[in-house]
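All of the numbers you see were taken from the coordinates with simple rules; none came from a lab. Just so it is clear, the structure is predicted and the values come from calculations on it, not from any experiment. As a convention, Cβ positions derive from the backbone with ideal geometry for all residues, glycine included, and neighbour counts pool all protein chains shown.
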Amino acid sequence: MSAPRVLVVGGGLAGITAALDCADAGAEVTLVEVRPRVGGAAYSVQREGLVMDNGQHVFMRCCASYRALLARLGSDRLVRVQERLRVPVLRPGRAPAQVRRNSLPAPAHLVWTLARYRPLPLRSRALVARAMLALMRLDPLAAGAGAAELDQQTFGDWLERHGQSPRTVRQLWDLIALPTLNLPAAEASLGVAAFVFRTALLSSADAGDIGFHEHTLAATIAEPAERALREAGVRVLLGWRARRLARGDAGFELHGSSGPEEDSNAGLSADAVVVALPHDRAAGLLEPLLGRQAVRWRELAGSPIVNLHVVYDREVLDEPFAAGIDTPVQYLFDRTRAAGAPSGTQYLAVSLSGAAAEMKLSVAELRERYLPALAQLLPRARGARVESFLVTREHAATFRAAPGSGALRPDSETDVPGLVLAGNWTATGWPATLESAVLSGHAAARTALAQLRGGATVAAVALARR
């Protein structure tokens, strides 16, 4: 008998991970992706001579699964993790501040930075420390009603009950909530927020050290991932749009189209299928098989991210990245070298999370609002010439991690044997991050392989056939 056939629908990080795991176990794997490249939501584009990433996908030292995938792809040399967490915080007309850990064990590693965090009054700093201790006592992954209760509350309401003023939330808590949850604390689920803060900041001293992609996402993820997939024996079909999935006595049949002939009806057969698509696309494909279960995923909705790409005729920022408070600028990153910007210029990427309002603004309106804001934060930008101002938008960059979202996130296993889910929107505990995507891919592969062989690995079954 031949090896079991596994079909992976979607070539993002979740699909890449699931495909590699299944191929490593001896399955015959085919991966289909509608785009002309793998990598999913982490990708690069070329505009005006620059290679720009669609977003600034940072990670943390505690993202062990994502970092292991980078090592598998040979891309770990293209990223850098801080020796110690340090976030420069810029304020208009005021001296910069910073969030920085020391070498003490958690949670004492943050006491010194809280005590010296100048944007907040001394009493507010003490209240922050008390709220962090209270946050450590929450368990968003506990079985039973406790986790469900956390999922029904907003993080903002919990912070208010624990003495955090709107100013404190804006100037400290949202520095972490916005980029990790893609929502401000006022709108985010307490369950997922508690997971992030406990895991990244309060579990161990070095967990929250920030990792950066020092090269483009194309060079770090897409290109090496496609190479690794093909070297592992995975059949990779790019530009292939999945349209209909059916289940029969002999397994699954996936019908779709490839190339410019949109009415073509190419078919692929498999014993198991891993659907690693965004939640809205997964719902559309799987509603005929899963009914109401798939329809409910659309209730996760989406939260947008807007990125501004600004090229100055000189260096205006000394730091590799910085956060902003009391300004519409959330985070800015120096991407000059990675993008191949001309010598003597500096290319800054401004990342705006939870950007529902900014999504509605034109490029001209964004320019009018953000160039003066950048000049307020960066004194050298006031006399600099703007060589280029570009905008990229992700309308549904992540699922909306609002109260109730936890109950909507499915496990990898579905009610249809052999049909498995992956994606950063599934029930990994993490918000929609790089780590969540990779974890979901591993979980999907384990589920698919276990279902195919009753818990035995495909490799063991293949060996027994010889």
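Using alpha-carbon positions, what is the distance between the centroids of segment 438-454 and segment 172-221, in Å?
What the calculation gives is 26 Å, centre to centre.
How big is the charge dipole of the chain about its Cα centre, in debye rounded to the nearest 20, if each Lys and Arg gets +1 on its Cβ and each Asp and Glu gets -1 on its Cβ?
1220 debye
With Cβ to Cβ distances under 12 Å as the rule, what net charge do the other residues near residue 325 carry (K, R +1; D, E -1)?
Surrounding charge for residue 325 is +3.
With charges set only on the Cβ (+1 for Lys and Arg, -1 for Asp and Glu), what does the dipole of segment 102-205 come to about its Cα centre, in debye to the nearest 20?
620 debye
What is segment 102-205's relative contact order, in percent, from Cα pairs under 8 angstrom and six or more apart in sequence?
Relative contact order of segment 102-205: 37 percent.
Looking at the chain only, what percent of DSSP beta bridges run antiparallel? Nearest 5 please.
75 percent
Say the dipole of segment 102-205 comes from +1 at the beta carbon of Lys and Arg and -1 at that of Asp and Glu; which of 111, 190, 150 then lies farthest toward its positive end?
111
Above 25 Å lies some portion of the pair distances; for segment 312-438, what is it as a whole percent of all C-alpha pairs?
Roughly 42 percent, rounded to a whole number.
Relative to the longest principal axis of the chain, what angle (0 to 90°, nearest 10) does the C-alpha long axis of helix 363-377 take?
50 degrees
Please give, to one decimal in nm, the separation of the simple spin-label points placed at residue 157 and residue 77, each 7 Å out from Cα toward the Cβ.
So the label points at residue 157 and residue 77 sit 5.2 nm apart.
Quick one: 75, 258, fewest Cβ neighbours within 10 Å first, how do they rank?
Ranking 75, 258 by Cβ neighbours within 10 Å, fewest first, gives 258, 75.
Roughly what would the spin-label model give for residue 84 and residue 255, points 7 Å off Cα along C-beta, in nm?
Output for this residue pair reads 6.2 nm.
In a solvent-free Debye calculation with one equal scatterer on each Cα, what is log10 I(q)/I(0) for segment 102-205 at q = 0.19 Å⁻¹, listed in the order of the q values?
For the requested q values the scattering log ratios are -0.94.
Could you work out [θ]222 nm for the chain from helices alone, using -39500 (n - 2.57) per DSSP H run of at least four and dividing by all its residues? Round to the nearest 500 deg cm²/dmol.
Using -39500 (n - 2.57) per qualifying helix, the result is -9500 deg cm²/dmol.
Any idea which of 362, 416, 255 is furthest toward the positive side of the dipole for the chain, if Lys and Arg beta-carbons carry +1 and Asp and Glu beta-carbons -1?
362
With axes computed from alpha carbons, what is the tilt in degrees of helix 122-136 against the longest principal axis of the chain, rounded to the nearest 10 within 0 to 90?
So the inclination is approximately 20 degrees.
Compute the length gained on full extension between residue 219 and residue 204: take 0.36 nm times their separation in residues and subtract their Cα-Cα distance, giving the result in nm to one decimal.
2.3 nm
How much of the calculated P(r) for the chain lies past 45 Å, in percent of all Cα pairs?
The proportion of pairs with Cα distances above 45 Å equals 13 percent.
How much length, in nm to one decimal, is gained on full extension between residue 48 and residue 280, taken as 0.36 nm per residue of separation minus their Cα-Cα distance?
In short, 80.3 nm is gained.
Return a whole-number percent for the relative contact order of the chain, with Cα pairs under 8 Å and 6 or more residues apart as the contact set.
Relative contact order, the chain: 23 percent.
How would you rank 274-287, 439-452, 298-311, highest first, on the average number of other Cβ atoms within 10 Å across their residues?
In decreasing order of mean packing, 274-287, 439-452, 298-311 become 439-452, 274-287, 298-311.
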